[in-house]
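Worksheet: the structure to be examined is printed underneath.
The values are calculated or read from the model by the stated rules, or taken from the named source; none is laboratory data. Computed from a prediction, not measured in an experiment: that's the story for all the values here. Counting neighbours? That spans all protein chains shown, and the Cβs are built from the backbone with ideal geometry, glycine included. Side chains are part of the model used for accessible areas, which takes the heavy atoms of the whole protein and leaves out ligands, DNA and RNA. Shrake-Rupley method; radii C 1.70, N 1.55, O 1.52, S 1.80 Å.
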Amino acid sequence: MVDGGWAPSNGIYPSSLQPKTATSPPLPASITIAFDMEHSFLEPHGSPSTRWSNAHGPLIIAHRAVHLVRLPSNRIKTPDGSLPRFHPVVSQPSNPPSLTSQPLDQSIRWSFLNPVLTNPTGPDFSTHRNISFSERRMPPFSGTLPSSAGLNPKRQEPSIVTLNVGGQLFQTTPQTLSLAGPKSLLSSLPSYSSSSSPSEIPFVDRDPEFFSLLLSLLRTGRLPSSSSSAFDLDDLLAEARFYGLDPDLLLSPLTNPSLFDPFALRRSLALPLPGRDPPSAISAGPSDSLLVAHGSKITAFDPTLRRRATALTRFPAVDSLLALSPSLAAAGATDFPGLHLLDLTHAGSVARALHWSPLPATATTSSPAASGATVQAIGASPDLLFGSFESCRRNASAILAFDRNTFDPVAEIGRREIYGAELDSAIPATKLNWIHGFNLLMAAGSHGGPSGLLGNIRLWDMRSGDAVWNLKEKSDCFADITVSDGLSAMFKVGVNSGEVFMADLRKLSADEPWVCLGDARKAATGRKEGSGCRIESHGRQVFCSRGGEVEMWTEVLMGPSTRSSEDGLNGERIMRRNMMGRAKDAGEKKITLLGFGGSRMVVARKDEQCVEVWESSARS
Amino acid sequence: MEEREPDLNSPSRTNNGRIKLNVGGKLFETTGHTLRSGGLDSLLAALSDRAAEDGEPIFIDRDPEIFSILLSLLRSDRLPSTSRRFSKQDLVEEAQYYGIEGRLRTAMAPPPLLGFDAALAATIRPASDGFPTALSAGSEDGSVWIAHAGQISAYDWSLAHAGTVRTHLDQITSLRHVWPEIAGIGSLDSPGLHFYDVTSGRHVGSAHWSDPSDPRVYKARVTAIAAAAGAESSGEPVFAAFECPHRENCILAVDRATLKIAGEIGRQNGSAAKAAAAGKLVHVRERGVVFAAAVSVGAFGYSGYMRLWDPRSGEAVWETSEPGGAGRSTRFGDAFADADVDVDTEGQSAPAIYKVCWKTGDVGMADMRMLGDDPWVYLEERSPGLRNAGGGLNSVLHCYKGQVFVSREGGLEVWSRIEDDEEEEDKDGGISGRRYRRNFVDSEDDARRGLVKRMEGGGNRLFVSRERVEGIEVWESSDLSGAISLL
């Protein structure tokens, strides 16, 4: 039996315990299922030889709804003999209805067979192990499937594991269970069942409905669509926690950044916030959770956006916020000293307060209570946390870099102090963006002076502590600015023109780095069209809010042969504007904040006691 | 992980602990351990002991779907989302049948109340005479009694109507839990403190203030009752403030076990505002004192007193009267509109008296460890949007679990303490007013529903009644985001 290649199953579902619904449990993903269409065949019990002697009709293998394989009955041999050969006789695009419609019907008796085809003359089944009756269920899970070594017949583990979960029987393979991870309870079950007597079915005292969904997840890599309406994801998360399953298996289909489809984004959810303070900062974190600061509070939403927790900070109002890890957030305020690291798992208690010390002598005050610098902006690179500090007397500013693990200060860059009346000499940075592709920190700040808004933009090299590029903004200063790593460019909204400008990071030496993407003549009007606009980048897109609407700028990639001067393209990069949302979304209140995380866009609007979540509609 | 079944790794016990149930035709298999976790005296625990030797499933003729939810609750200690298919009432009744109501109650209990993260969870309205005249929250289970006109309506932990009692009083103005089923009630219209058994609806006792030597003491009515929560078994008495038609008043201690008068403290003649009958009584067990406060509104604003009585000696250990009073208050002339004591026994904060000033609306705090001539520390407003949030006219102040809820007209705000910060520690070690953050509990729409008249906290719920509004609002914190679909 071990050498034979056909390993009969230990048993089939007792009819009384068959799952009620056709969707659960689906057939195991990584085994082949053989049917006898003429006889109701393959005795599940008894010796292998009697079983095979009954199987004298043609066998049909359904294979991922693509191939139908006929087994000539005269080629089938006993398990201890040579292997059967498979001849694909039909190859059709859809499932044979006779197989799909009644895989669990009690009138058809069925059995699991483990194909170990060492020398097949037919199609190479070892690469097509994923067999299911339903095309929908099969999925792109190839990256994480175990290699075919898992089907090695010399392994001592049973090839099929039968589990009793809360009174329902489930059958699957050790390979499927091992996908749960080495520390999981599930991956330990096969060894348990093989070590004890074979008749002993491991029993788990948990809800079988949830288990069936989790098993589906392991088999196919995603949850069956029927689950989303009937169960909350956090039920499954709690259940996954019991089984020791990696929660990312459940969450990644929701929040994976690779699922971010900018053209499919649509307004899908409004998340109400407690109290009366409108949102003042948004950070969609690396853990796909969402943090929203409103007033002195920070509300953290979990990745499913179904649960939230609100923590009280010491700040009268939180002005800058950055999620560092699932449990840690950095927050700062322009009217309260210090950059606070908040432990979100402990009701937002301050894990550590980071300060600018020692302050420049001119910036200190006699009253110790009023000392301490406030935070104007927070940024982060993979290993550093940046804070833009301004002294409380507002006459000195600097950017401090802290280690992201120890939170010890590592460097202080760009210290500026005001002497005399040169107010412009120490404009604190109000936006810090790490440019990963260039290992540079973009720091930009602006200041309203008598001649209009003045700003400066610097790119800092953290290793040398020098500004490698410095631009003073005078004529059409930025209202907001961002860097797109994917596009290798900086983008700003001009405060006067309200137009979006692009500066290619690879051509920064030019005198005027900004290229207007819209109508450059608007700058001359002197109206403050761009005031209050927000600009953020995500992936290879740049999003700019304008009043109540969001426009998305995407690059049109032109092949080299299509570039011609007749088109007016002149070999420059082509960015195009797309208005987002539906017509019915127009006329909403002005957007005050934009944020991106995972596959979501988050928007806050003026005077709205909620944040709006835009999701890619690919799944619905 | 800790819930991992022990018999999973010990095959020898596998069959011993396992129990098959047939509930309404659906088969379930579980362990005796799980079934017994609902309580040893529950029906399920009894069934687990009686498990048939022959392996035949035990048949229970009940709905299998609700059972699967309750079984899930026993297994994982949380209510699955499928429970939304059934009403709260269905689940409660089914849990009562199986005898596992306690587990359901724990799973359905609201999370700790955070004033800055609370939302209106429910509104409960008595069927008739729905204007509440007094409230009393149950000790910790989230139940509440509402007095409305002459009736007391009881709502259980799931806020389901548990019964209504018609009392002999026509207008109940004071109501307190004396025992879990016994209510102490009083009325400003008719004399005496009365005790009713709320489950059976029977009058079980009454206490009257009598003094044969003094003809001024007759027909004394109850203006306030204090019964320390959770003190039923400790032998601590109930305190009630009585007032006679000629304003002679006192505070009587009533023994909980016998419902008879056990002592009299603080007799006053009621001739002045500072000798008026207390409108608010709080028994501060930790400090062994009874807090009494009276407020009256006249043409020139509010006036009133606060006093701490030592019930053993019958002496007032501290008092202040406003306006004026002892010491030179920094808010001279700005008398308090309402005051309450924070008797949070779980929190680390020391008991403190909080008041709200009627002119400025400022909230003051007096640490009960350091009461003196002017113990008041005023909580500082630091968030720019909330300064000038209004005065304290008609404000109601209620302390619950270290948080101070203050109503301003219809609006409801909360002062929450942030954790201790060495940098802000005052030199004298006192509590700084800067340690509090003020937030709105409600939205502007909520505030338009009417003037808040009463607040009462219990079981991580805040019960609010409003003027000329039937029923009471129940505010809870929730960890659900309440996302609204915009598609």
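When the residues of the range A:278-316 are narrowed to those that are over 20 Å from the mean Cα position of the chain (by Cα) and facing chain B (nearest Cβ under 7 Å), which ends up farthest from A:Thr374 (Cα to Cα)? Ranking the qualifying residues of the range A:278-316, first place goes to A:Ala309.
With a requirement of 3 or more residues that are under 33 Å from the mean Cα position of the chain (by Cα) and surrounded by 17 or more Cβ atoms within 10 Å (Cβ to Cβ), the helices (runs of 4 or more DSSP H) lying completely within the range B:18-129 that satisfy it span B:64-76, B:88-98, B:101-108. Considering only residues in the range B:136-153 that are open to solvent by 10 Å² or more (accessible area, probe 1.4 Å), in a strand (DSSP E or B) and closer than 30 Å to B:Arg103 by Cβ, the one that is modelled with the highest pLDDT turns out to be B:Trp145.
So that you can scan it fast, the table gives a plain yes or no per residue for (1) open to solvent by less than 40 Å² (accessible area, probe 1.4 Å); (2) at the interface with another protein chain (Cβ under 9 Å from one of its Cβ atoms):
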position	(1), (2)
A:Arg241	no, yes
A:Pro247	no, no
A:Pro257	no, no
A:Phe260	yes, no
A:Ala270	yes, yes
A:Pro274	yes, yes
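For (1) open to solvent by 10 Å² or more (accessible area, probe 1.4 Å); (2) in a strand (DSSP E or B); (3) at the interface with another protein chain (Cβ under 10 Å from one of its Cβ atoms), each residue gets a yes or a no:
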position: A:Val318; (1), (2), (3): no, no, no
position: A:Leu342; (1), (2), (3): no, yes, no
position: A:Ala351; (1), (2), (3): yes, yes, no
position: A:Ser357; (1), (2), (3): yes, no, no
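Residue count for the range A:226-236, restricted to those that are open to solvent by 20 Å² or more (accessible area, probe 1.4 Å) and either within 11 Å of another protein chain (Cβ to nearest Cβ) or without any contact (Cβ under 8 Å) to a residue 24 or more places away in the chain (or both): 5. Residue count for the range B:361-381 under the criterion of being among the acidic types (Asp, Glu) and buried (at least 23 other Cβ atoms within 10 Å of the Cβ): the result is 0.
Within the range A:581-599, restricting attention to residues that are crowded, with 21+ Cβ neighbours inside 10 Å and not in a strand (DSSP E or B), which residue is farthest from the chain's Cα centre (by Cα)? Step by step, filter the range A:581-599, then rank; the result is A:Ser599. Of all residues in the range A:204-224, which are modelled with pLDDT under 85 and crowded, with 21+ Cβ neighbours inside 10 Å? Residues satisfying the conditions are A:Thr220, A:Gly221. Within the range A:442-450, is even one residue open to solvent by 40 Å² or more (accessible area, probe 1.4 Å), on the phi > 0 side of the Ramachandran plot, part of a loop (DSSP other than H, G, I, E, B) and modelled with pLDDT under 90? Checked the range A:442-450: no residue is open to solvent by 40 Å² or more (accessible area, probe 1.4 Å), on the phi > 0 side of the Ramachandran plot, part of a loop (DSSP other than H, G, I, E, B) and modelled with pLDDT under 90.
Does A:Phe543 count as touching a Lys or Arg at 6+ places or on another chain (Cβ under 6 Å), part of a strand (DSSP E or B) and within 27 Å of A:Asp585 (Cα to Cα)?
no
Filter the range B:432-482 down to residues that are surrounded by 20 or more Cβ atoms within 10 Å (Cβ to Cβ), within 14 Å of another protein chain (Cβ to nearest Cβ) and in a loop (DSSP other than H, G, I, E, B) and give me whichever is farthest from the chain's Cα centre (by Cα). The extreme case among them is B:Ser481. Residues that are closer than 17 Å to A:Gly445 by Cα and of a type in the set (A, V, I, L, M) were ranked within the range A:482-502; the one that is surrounded by the most Cβ atoms within 10 Å (Cβ to Cβ) is A:Met490. On the stretch given as the range B:183-206, residues that are surrounded by fewer than 24 Cβ atoms within 10 Å (Cβ to Cβ) and within 16 Å of the chain's Cα centre (by Cα) total 0.
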